[in-house]
């Protein structure tokens, strides 16, 4: 009798265990994917955007990618130019990158540069003179594109962390958020000025401390990470 | 049965650069003189890249390399597959490779931040994954997560370090 009960209990435990594992796997497999953002943005005519971002090394879900960047953008859905760091599934840490595009769907370039050291604070700026858009890290240019190639006029800046799978970690944790500061934009009269951005986030676990009045410095983190 | 990537990649490389199976067996070694046939193939690939819209648009200059390097083709391919991320390299319609002397003229000081890797006159392997769905970092409110494009991975031909990766398209 004892043996029978033991077998029955063992079978039940196995079943519960299997169900738990299967639910967990299914949860992982079913995680929604898309574009998820967290940080600040502002609609303003501009010739560029800049911000200082702390480098951290977030968890990236299978086949996904995570980034954080400064962007100037136009009205079209793919009118943008950005510079920052990103991490692709399979990398041990993040790398610097810049990327630009237009909505006509005939232009998209993405250049990935060297490793970005965790713990460093770097100023990322993407801004134009009268002929070219420049992508800079700590005031050193790593790339440029003629404005005539881009073909759009900036009407907003976005300074955001970005994930693509609900299981990705928004960079930062509760105890060690990513610090972001010195948010600026370049006016149409070529002056860099401080800007208070408006808060924006897509998912409940994506947190930031930008008040409703806006801010030029803030933190972002993932509330699922202590 | 699914064939391992190494086999497929070798087959694709061979097909892409038109080498014989004997030459393919020599992929593990990199000699000062890669052989006249191979040199011609590399030279043609270097010319194709130098004239490509992606390299011209992004200030990437390449020249034929005629010196010995320490990293062989297979090692460079593995490094490039790691750089492109996930198993994306497996999905390429075609993979081509060449040795070249590489300069990124748009990097103001000629050195990459943090990693201190030079991008001026560097002997490199350039591994091109053709027709890959690359992840894009978008803009809030944008649509497509992937762009189908050719991806060029630049690997230091003496240290095996990942230098740069450029993906993109210009024109419909």
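If you look at just the Cα atoms of the range B:79-172, how large are its Rg and its Dmax in Å?
14.2, 43
By counting other Cβ atoms within 10 Å of each Cβ, how are A:111, A:47 ranked from fewest to most?
Starting with the residue having the fewest Cβ neighbours, the order is A:47, A:111.
Counting only helical runs of four or more DSSP H residues, what would the 222 nm mean residue ellipticity of chain A come to if each run contributes -39,500 (n - 2.57) and the total is spread over all its residues?
Theoretical 222 nm ellipticity from helices: -5000 deg cm²/dmol.
Could you please rank A:125, A:118, B:86, placing first whichever residue has the fewest other Cβ atoms within 10 Å of its Cβ?
The most exposed by this proxy come first: A:118, B:86, A:125.
Rounded to two decimals, what is Rg over Rh for the range A:57-168 when you use alpha-carbon atoms and the Kirkwood radius?
Result for the range A:57-168 is an Rg/Rh of 0.97.
Taking all pairs of different Cα atoms in the range A:33-222, averaging 1/r and flipping that mean, what Kirkwood radius in angstroms comes out?
With all distinct Cα pairs of the range A:33-222 included, I get 16.3 Å.
Identify the residues of the range A:141-158 with backbone N under 20 Å of a label point that sits 7 angstrom from the Cα of residue A:106 along the Cα-to-Cβ direction, or state none.
A:145-154
List A:52, B:159 from most exposed to least, where exposure is judged by having the fewest other Cβ atoms within 10 Å.
B:159, A:52
With everything on Cα atoms, drop me the angle between helix A:2-30 and the longest principal axis of chain A, reported from 0 to 90° to the nearest 10.
Approximately 10 degrees, to the nearest 10.
At 7 Å along the Cα-to-beta-carbon direction for both residue B:121 and residue B:50, put a label point, then send me their distance in nm to one decimal.
1.7
Only the coordinates and a few stated rules stand behind these numbers; no lab work does. Because the structure is a prediction, the values reported are computed rather than measured. Because the Cβ atoms are built from the backbone with ideal geometry, glycine has one as well, and the counts that use them run over all protein chains shown.
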